[in-house]
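Notes for the one structure printed next.
The values are calculated or read from the model by the stated rules, or taken from the named source; none is laboratory data. Quantities reported herein were computed from a predicted structural model and do not represent experimental measurements. Glycine gets a Cβ as well: all are built from the backbone with ideal geometry, and neighbour counts include every protein chain shown. Surface accessibility is based on the protein's heavy atoms, side chains included, excluding ligands, DNA and RNA. Shrake-Rupley method; radii C 1.70, N 1.55, O 1.52, S 1.80 Å.
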Amino acid sequence: MRAAPLVDGAIAGAVGTVALNVMGYLDIAARARPASSTPEETVRRLAEAAHVDLGPEDRAATRRSGLGPVLGYATGIAAGAAFGLLAARRRVPLPIAAGVLGGGVMATTDGSIAALGVSHPRTWRPKDWLADIVPHLAYGMAAAATWKRLRPPSRHGR
């Protein structure tokens, strides 16, 4: 198997993650809401589960604030790479690719935070769901468009 679909997918995932973050920051600016503590709390819970000491609390807090966004990028890039492998030999229509990518990342992140006890999506209000869905749709659309651009028709089906 050639590495190109994996690399193209990872690039598409990175572009999608940028779009997701931009949408999230625009939401923060538009609604004047504080940034979410979910990424840092997710890192805290993962470190605890893995028995990883992040150091004294002042340093641990700083490490969590740095590792939270890195975890988000890792998730977005890995999802793009996985999509690249799955879609390497298929022609996936853009709307379906966007839905699979955005929905897949949303399910992964929301499932993870629920499993770790960081947040419970069943308790979210409609505005909370909207604040989660819109950035993930942006991820899906940007990642799918990038995938399509990187995989011209002459390379499909290989």
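Ordered by packing density, taken as the mean number of other Cβ atoms within 10 Å over each peptide's residues, highest first, how do 103-109, 11-17 rank?
Values: 103-109: 18.4, 11-17: 24.9.
Per-residue mean Cβ counts within 10 Å order the peptides as 11-17, 103-109.
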Tell me the net charge near I96. Cut-off is 13 Å between Cβ atoms, I96 excluded, with +1 for each Lys or Arg and -1 for each Asp or Glu.
+3
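Assign one of three labels to segment 28-104, namely rounded, prolate or oblate, based on the Cα gyration tensor with a ≥ b ≥ c the square roots of its eigenvalues; rounded applies when a/c is under 1.5, prolate when it is not and a/b is larger than b/c, and oblate otherwise.
Working: a/c = 3.96, a/b = 1.77, b/c = 2.24.
Note, shape of segment 28-104 comes out oblate.
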Under the Karplus curve 6.51 cos²θ - 1.76 cosθ + 1.60, θ = phi - 60°, whole-Hz ³J(HN,Hα) for segment 77-86, x wherever Gly or Pro sits
5, 5, 5, x, 5, 4, 4, x, 5, 6
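Helix-only estimate, please: 222 nm mean residue ellipticity of the chain, summing -39500 (n - 2.57) across DSSP H runs of length 4 or more and dividing by its residues, to the nearest 500.
Values: 5 runs with 118 residues, N = 158.
-26500 deg cm²/dmol, from helical runs alone.
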Rounded to whole Hz and in sequence order, give me ³J(HN,Hα) for segment 136-146 from the Karplus expression 6.51 cos²θ - 1.76 cosθ + 1.60, θ = phi - 60°, writing x for Gly and Pro.
6, 5, 4, 4, x, 5, 5, 5, 5, 5, 5
Identify, among V7, L26, L71, the residue whose Cα sits farthest towards the positive end of the charge dipole of the chain, taking +1 on the Cβ of Lys and Arg and -1 on the Cβ of Asp and Glu, with the dipole about the Cα centre.
V7
Evaluate the distance, in nm, between pseudo-label points positioned 7 Å from the Cα of A115 and of R90 along their respective Cα→Cβ axes.
2.2 nm
Mind putting a number on the dipole of segment 1-149 about its Cα centre? Charges go on the C-beta only, +1 for Lys and Arg and -1 for Asp and Glu, and I need it in Debye to the nearest 20.
600 debye
Accessible area of L20 in the full protein assembly, 1.4 Å probe (Å², nearest 10):
40 Å²
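Take the alpha carbon gyration tensor of segment 1-152, find the square roots of its eigenvalues, order them as a ≥ b ≥ c, and report rounded if a/c is under 1.5; if not, report prolate when a/b exceeds b/c, else oblate.
Because a/c hits 1.5 or more and a/b exceeds b/c, segment 1-152 counts as prolate.
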In degrees, nearest ten, helix 4-31 long axis to first principal axis of the chain (Cα):
50 degrees
With DNA, RNA and ligands ignored, accessible area of Y73 (1.4 Å probe; Å², nearest 10):
80 Å²
Hey, got the dipole for segment 21-92? About the Cα centre, +1 on K and R Cβ, -1 on D and E Cβ, debye to the nearest 20?
520 debye
Per-residue HN-Hα couplings for segment 96-112, Karplus 6.51 cos²θ - 1.76 cosθ + 1.60 at θ = phi - 60°, whole Hz, x for Gly and Pro?
5, 4, 4, x, 5, 5, x, x, x, 5, 5, 5, 5, 5, 5, x, 5
